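The values are calculated or read from the model by the stated rules, or taken from the named source; none is laboratory data. All values reported here derive from a predicted model rather than from experimental measurement. Cβ: placed from backbone, ideal geometry, glycine included. Neighbour counts: every protein chain shown. What goes into the accessible areas is simple: the full protein's heavy atoms, side chains included, and nothing from ligands, DNA or RNA. Shrake-Rupley method; radii C 1.70, N 1.55, O 1.52, S 1.80 Å.
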Protein chains: 2
Amino acid sequence: MTRNPPQKVSEHPQIPPKPPPSMASMAILFTPHMTHITPRPLTLRRGRPVSCGLIEPDGGRLVDLVVPGPLRDAKRREAASIPARVRLSRIDLEWVHVLSEGWASPLSGFMRETEFLQTLHFNSLRVADGSGSVVNMSVPIVLSIDDSQRQAVGGSDRVVLVGGSDDEPVAVLSNIEIYKHNKEERIARTWGTTAPGLPYVEETIAKAGHWLIGGDLEVIEPIKYNDGLDQYRLSPAQLREEFTHRNADAVFAFQLRNPVHNGHALLMTDTRRRLLEMGYKNPILLLHPLGGYTKADDVPLSWRMKQHEKVLEDGVLNPETTVVAIFPSPMHYAGPTEVQWHAKARINAGANFYIVGRDPAGMSHPVEKRDLYDADHGKKVLAMAPGLQKLNILPFKVAAYDKTQRKMAFFDPSRPQDFLFISGTKMRTLAKNRENPPDGFMCPGGWKVLVDYYDSLDKLEKDKKLRETVPA
Amino acid sequence: MTRNPPQKVSEHPQIPPKPPPSMASMAILFTPHMTHITPRPLTLRRGRPVSCGLIEPDGGRLVDLVVPGPLRDAKRREAASIPARVRLSRIDLEWVHVLSEGWASPLSGFMRETEFLQTLHFNSLRVADGSGSVVNMSVPIVLSIDDSQRQAVGGSDRVVLVGGSDDEPVAVLSNIEIYKHNKEERIARTWGTTAPGLPYVEETIAKAGHWLIGGDLEVIEPIKYNDGLDQYRLSPAQLREEFTHRNADAVFAFQLRNPVHNGHALLMTDTRRRLLEMGYKNPILLLHPLGGYTKADDVPLSWRMKQHEKVLEDGVLNPETTVVAIFPSPMHYAGPTEVQWHAKARINAGANFYIVGRDPAGMSHPVEKRDLYDADHGKKVLAMAPGLQKLNILPFKVAAYDKTQRKMAFFDPSRPQDFLFISGTKMRTLAKNRENPPDGFMCPGGWKVLVDYYDSLDKLEKDKKLRETVPA
């Protein structure tokens with residue numbers, strides 16, 4: 001990741017022309033009034049409106065649920081005095097992180113029942129300003145408790161959320177509401193199936209309690225993971241600041257949970273070219289790998305980040321116009337439902353263009369031999385989703401390996417025989433077997449990271465076997 | 001059902017006062033400008049805007065998909081010339097009926113994929129006028145075909161829909177779109193479960209084809225059932241005309257699929273009283289039993305209609321201020337999802353108040369020992385549903401048998417021991433066993449109809465056994 005010094009921005013910038021309909025399926029609400037922002041500490045004060053000309057956050061202002069520094073000691077003492085404690089799982093903590101930084105603005109904590117029901121039925125929330133307007137909210141952000149925890153909470157109106165290896169107080173949840181956790185209904189309405197084997201369900205819902213606890217969240221300190229990657233975990237406020245410093249007049253977000261190959265890079269470069277053609281002066285790419293929970297056979301975050309670094313080092317993407325940061329959300333693998341969340345969260349980070357690929361957030365059906373979701377439903381649903389009208393949806397152009405040019409290129413249906421499609425599975429198989437993909441598929445530095453990752457898996461596997469064969 | 005002659009309406013009626021917030025959870029959009037409507041033939045011309053001061057239909061005008069009389073012969077000839085034919089099941093035909101009369105306005109035919117997806121994910125449809133406004137649409141209104149039918153349609157842009165015992169052409173579906181019917185996803189997102197045994201699913205989805213066919217519907221003649229009840233099947237346009245004739249300044253709808261007992265009657269009478277208190281001069285009740293498919297253990301429509309007639313005859317409800325009509329939709333038993341459809345369709349029929357009970361459109365879980373839906377979710381979801389803001393939701397007050405007064409009364413939590421709750425199951429058991437319910441539970445004429453129905457079932461059962469025991 002590179003960060004440029006802030007630049008002085010003209011107070012009378014050119015108004016970008018409205019993009020042609022083929023480019024933008026929705027109206028652009030990008031406001032071109034950019035003003036110079038003095039560099040400031042990265043922790044925003046609660047509720048401080050984020051200024052500058054970026055797209056407005058959902059609900060009008062970015063939610064910040066982290067207790068301001070000078071008040072933290074008092075909040076810690078308050079937390080220590082609350083008898084009712086709820087222990088956070090790793091995924092719960094990721095949601096605390098997500099909520100605390102306003103990715104889910106205007107949500108101010110774990111969902112209460114009215115929010116949960118609106119999410120399940122409408123994928124959106126009515127804004128409480130009486131305007132009748134809605135914001136998108138497609139996945140439930142909820143905290144479950146079991147019968148004994150519920151009993152322990154008793155009549156208390158707040159609980160302290162504890163986490164980490166030492167059960168340290170992480171946050172206070174107040175004005176709480178406890179309501180039934182109908183898991184079957186939650187799963188059916190979120191995933192469109194109740195088949196066993198959905199990774200997020202197995203990981204976190206199947207063993208969860210039969211109650212949900214919602215309320216207003218106050219997080220005592222910014223969430224850190226101390227895994228060497230925290231410097232990539234920019235909050236929406238920090239990203240907005242970065243885009244402003246870079247003088248961005250358009251921000252296009254690319255969500256990913258896989259290594260970047262040259263087809264992705266081509267698409268991102270081409271998107272910038274198209275935005276320039278539309279009249280934008282400085283479109284900035286937000287390359288935004290998902291950093292929360294992923295399923296076991298996905299490449300882990302740390303290896304993906306190494307791979308993304310190499311892609312930038314190798315010059316495949318231009319660091320001057322690219323911001324690489326980690327999106328802290330866990331992954332649902334809920335296809336058309338989840339892609340809305342991925343897009344909505346990026347609005348809050350300042351992106352007004354969102355690139356959507358084939359079968360976003362999709363996976364194989366856990367039981368049947370087919371993809372769980374129709375590959376086109378993600379982009380169709382995204383284009384019609386309530387609360388996302390202000391976001392410009394950019395459907396992914398299909399890139400494949402062009403054997404005549406020996407590089408990744410946009411697929412040309414007039415000469416299909418020239419193209420080679422390399423699936424994620426194929427890519428992983430090649431890397432596992434230390435085979436090389438065709439020249440031009442991925443920059444060599446990035447490919448080496450992938451091979452190293454599978455080598456490390458092999459080594460782990462061998463060590464394990466060795467330990468198992470050595471008598472105790 | 002009684003129908004009054006049209007009355008001259010003042011051109012300068014009193015503007016009804018805004019109801020207090022406790023009564024109306026949403027803003028009232030009732031427009032008080034009523035004008036005199038000359039009596040006219042009940043079949044409206046296509047697209048003719050329905051005037052008068054009733055609530056506006058969804059999308060601004062009531063859809064009418066029945067071919068006007070003078071054009072029917074030409075449409076019949078056109079239908080005969082179309083080679084691709086799709087046979088309608090009984091339930092399909094009920095949906096043709098529903099669509100043809102504009103209950104689902106602004107839907108102009110069976111759903112195409114964009115409408116299907118919006119219904120599944122958002123329970124609403126964006127209106128195509130560019131305003132960004134939405135109408136509610138919570139259950140998929142779709143037509144399924146199988147592989148061979150799809151092949152038969154080939155590249156045709158229209159099909160003829162045939163029905164009845166003699167496969168007569170019923171309608172033409174044009175500008176068709178065929179898309180995949182993912183049954184699992186449809187069921188999960190509509191019912192919030194995929195458990196086997198959901199009545200509508202077993203009846204119509206389980207055996208349906210793997211494709212859906214959407215398009216614009218033209219129905220050759222008004223749908224009739226010739227079962228002696230067609231005179232109760234008033235279209236939304238006819239109901240609007242009736243309400244206008246009666247000089248209604250508020251219309252409150254009561255959806256039901258069960259016999260009416262005095263608790264229901266109390267609620268309806270009390271609602272009228274409250275509306276009068278709010279300043280309405282002539283609130284009219286739309287007592288609106290559902291007339292399409294219902295599950296096997298529900299009381300059939302013909303017996304319910306007899307029972308409702310008795311209730312009016314016995315003076316439990318006032319015929320002067322009550323319109324009894326049949327709502328032609330089939331029943332999904334999809335709880336909070338379906339109750340939105342029940343409410344939305346009544347907007348199109350001119351109702352601006354909707355009474356919602358406990359666990360609307362609910363049933364027992366087909367596999368587990370519990371109700372499928374939380375009894376409160378229906379009214380909660382209804383109050384937050386997109387596109388229903390203009391409808392006033394009136395939550396059902398709990399009525400029970402007050403042993404001290406020997407009549408149905410609103411439950412008084414300060415003296416619970418005085419009240420007897422008589423469930424639908426209990427009511428059916430009493431009627432089956434020819435036992436009488438407590439005095440004042442239901443008018444005697446209505447109760448007799450119920451007893452007669454169960455007698456007729458017994459007789460059928462005995463006749464069947466007799467036939468089975470007599471050697472062939």
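Could you list, in sequence order, the residues of region B:175-195 that are more than 14 Å from chain A (Cβ to nearest Cβ) and surrounded by fewer than 17 Cβ atoms within 10 Å (Cβ to Cβ)?
Taking region B:175-195 and keeping what is more than 14 Å from chain A (Cβ to nearest Cβ), we get B:175-176.
If the condition is that a residue be more than 14 Å from chain A (Cβ to nearest Cβ) and surrounded by fewer than 17 Cβ atoms within 10 Å (Cβ to Cβ), then B:N175 is the only one that fits.
Among the numbered conditions (1) assigned to a helix (DSSP H, G or I); (2) surrounded by 18 or more Cβ atoms within 10 Å (Cβ to Cβ), the only one that B:A248 does not meet is (1).
Among the residues making up region B:369-381, a single one is surrounded by fewer than 24 Cβ atoms within 10 Å (Cβ to Cβ), part of a helix (DSSP H, G or I) and more than 10 Å from every other protein chain (Cβ to nearest Cβ): B:K379. On the stretch given as region A:389-398, residues that are at the interface with chain B (Cβ under 10 Å from one of its Cβ atoms) and over 30 Å from A:V127 (Cβ atoms) total 0. Within region B:113-123, the set of residues being more than 7 Å from chain A (Cβ to nearest Cβ) and either hydrophobic (A, V, I, L, M, F, W, C) or in contact with a Phe, Trp or Tyr (Cβ under 8 Å, 6 or more places away or on another chain) (or both) comprises B:E113, B:F116, B:L120. Would you be able to say whether some residue in region B:406-424 is in a helix (DSSP H, G or I), open to solvent by 50 Å² or more (accessible area, probe 1.4 Å) and either out of contact with any Pro (no Cβ under 8 Å at 6 or more places or on another chain) or of a type in the set (A, V, I, L, M, F, W, C) (or both)? Yes: one or more hits.
Scanning region A:200-256 for residues that are over 30 Å from A:E177 (Cα atoms), under 18 Å from the mean Cα position of the chain (by Cα) and among the basic types (K, R) yields A:R233, A:R240.
In the condition set (1) more than 14 Å from chain A (Cβ to nearest Cβ); (2) at pLDDT 95 or above; (3) surrounded by fewer than 17 Cβ atoms within 10 Å (Cβ to Cβ), B:V160 is compliant with all but (3). Please verify whether region A:79-95 includes one or more residues that are free of Cβ contacts under 8 Å to residues at least 60 places away in the same chain, away from chain B (no Cβ under 14 Å) and either closer than 20 Å to A:I145 by Cα or not hydroxyl-bearing (S, T, Y) (or both). Looking through region A:79-95, none of the residues is free of Cβ contacts under 8 Å to residues at least 60 places away in the same chain, away from chain B (no Cβ under 14 Å) and either closer than 20 Å to A:I145 by Cα or not hydroxyl-bearing (S, T, Y) (or both).
Suppose we keep only residues that are within 14 Å of another protein chain (Cβ to nearest Cβ) and under 18 Å from A:I91 (Cα atoms) within region A:131-157. Which one would you say is surrounded by the fewest Cβ atoms within 10 Å (Cβ to Cβ)?
Looking at the filtered set, the residue picked out is A:P140.
What number of residues within region B:325-346 are hydroxyl-bearing (S, T, Y) and either within 14 Å of another protein chain (Cβ to nearest Cβ) or open to solvent by 10 Å² or more (accessible area, probe 1.4 Å) (or both)? Residues flagged as hydroxyl-bearing (S, T, Y) and either within 14 Å of another protein chain (Cβ to nearest Cβ) or open to solvent by 10 Å² or more (accessible area, probe 1.4 Å) (or both) within region B:325-346 amount to 1. Residues in region A:198-218 that are farther than 23 Å from A:S124 by Cβ, away from every other protein chain (no Cβ under 14 Å) and not in a helix (DSSP H, G or I): A:A206, A:K207, A:A208, A:G209, A:E218.
Per the listing A:A265, A:A253, A:A248, A:A195, the residue uniquely among the aliphatic types (A, V, I, L, M) and at pLDDT below 95 is A:A265. With respect to (1) of a type in the set (S, T, Y); (2) within 24 Å of A:L301 (Cα to Cα); (3) within 14 Å of another protein chain (Cβ to nearest Cβ), the lone exception for A:T322 is condition (3).
Is it fair to say A:E242 is outside any loop (DSSP other than H, G, I, E, B) and touching a helix residue (DSSP H, G or I) at 6+ places or on another chain (Cβ under 8 Å)? Spell out how you get there, then give the answer.
Values: outside any loop (DSSP other than H, G, I, E, B): yes; touching a helix residue (DSSP H, G or I) at 6+ places or on another chain (Cβ under 8 Å): no.
It is false that A:E242 is outside any loop (DSSP other than H, G, I, E, B) and touching a helix residue (DSSP H, G or I) at 6+ places or on another chain (Cβ under 8 Å).
The set of residues in region A:257-292 being surrounded by fewer than 19 Cβ atoms within 10 Å (Cβ to Cβ) and touching a His at 6+ places or on another chain (Cβ under 9 Å) consists of A:N258 alone.
Quick one: which residue in B:R428, B:R358, B:R434, B:R467 is outside any loop (DSSP other than H, G, I, E, B) and either open to solvent by 90 Å² or more (accessible area, probe 1.4 Å) or within 14 Å of chain A (Cβ to nearest Cβ) (or both)?
Exactly one residue qualifies, and that residue is B:R467.
Suppose the filter is more than 11 Å from chain A (Cβ to nearest Cβ), touching a helix residue (DSSP H, G or I) at 6+ places or on another chain (Cβ under 7 Å), assigned to a loop (DSSP other than H, G, I, E, B) and closer than 24 Å to B:L99 by Cα; does B:P386 pass it? So B:P386 does not fit the description; no. Among the residues examined, B:F110 does not qualify as within 11 Å of chain A (Cβ to nearest Cβ), surrounded by 19 or more Cβ atoms within 10 Å (Cβ to Cβ) and out of contact with any helix residue (DSSP H, G or I) (no Cβ under 6 Å at 6 or more places or on another chain). In the condition set (1) in contact with a Leu (Cβ under 8 Å, 6 or more places away or on another chain); (2) at pLDDT 90 or above; (3) assigned to a helix (DSSP H, G or I), B:Y454 is compliant with all but (1). Confirm whether A:A349 is surrounded by 24 or more Cβ atoms within 10 Å (Cβ to Cβ) and more than 14 Å from chain B (Cβ to nearest Cβ). Yes; evaluated as a whole, the condition is true for this residue. A single entry from B:L285, B:L276 fulfils the requirement of being within 16 Å of the chain's Cα centre (by Cα) and without any contact (Cβ under 8 Å) to a residue 40 or more places away in the chain: B:L285.
Determine, yes or no, whether A:P366 is open to solvent by less than 40 Å² (accessible area, probe 1.4 Å), within 14 Å of another protein chain (Cβ to nearest Cβ), in contact (Cβ under 8 Å) with a residue 40 or more places away in the chain and under 25 Å from A:Q255 (Cα atoms). Let's see the steps before the verdict.
Values: open to solvent by less than 40 Å² (accessible area, probe 1.4 Å): no; within 14 Å of another protein chain (Cβ to nearest Cβ): yes; in contact (Cβ under 8 Å) with a residue 40 or more places away in the chain: yes; under 25 Å from A:Q255 (Cα atoms): yes.
No.
Out of the residues in region A:225-239 meeting the condition of being in a loop (DSSP other than H, G, I, E, B) and more than 14 Å from A:G292 (Cβ to Cβ), tell me which one is most open to solvent (accessible area, probe 1.4 Å). Checked region A:225-239; the qualifying residue most open to solvent (accessible area, probe 1.4 Å) is A:N226.
Just to be sure before I move on: is A:L198 surrounded by 22 or more Cβ atoms within 10 Å (Cβ to Cβ) and more than 30 Å from A:I55 (Cβ to Cβ) in the structure I sent?
Numbers: surrounded by 22 or more Cβ atoms within 10 Å (Cβ to Cβ): yes; more than 30 Å from A:I55 (Cβ to Cβ): yes.
Criteria met by A:L198.
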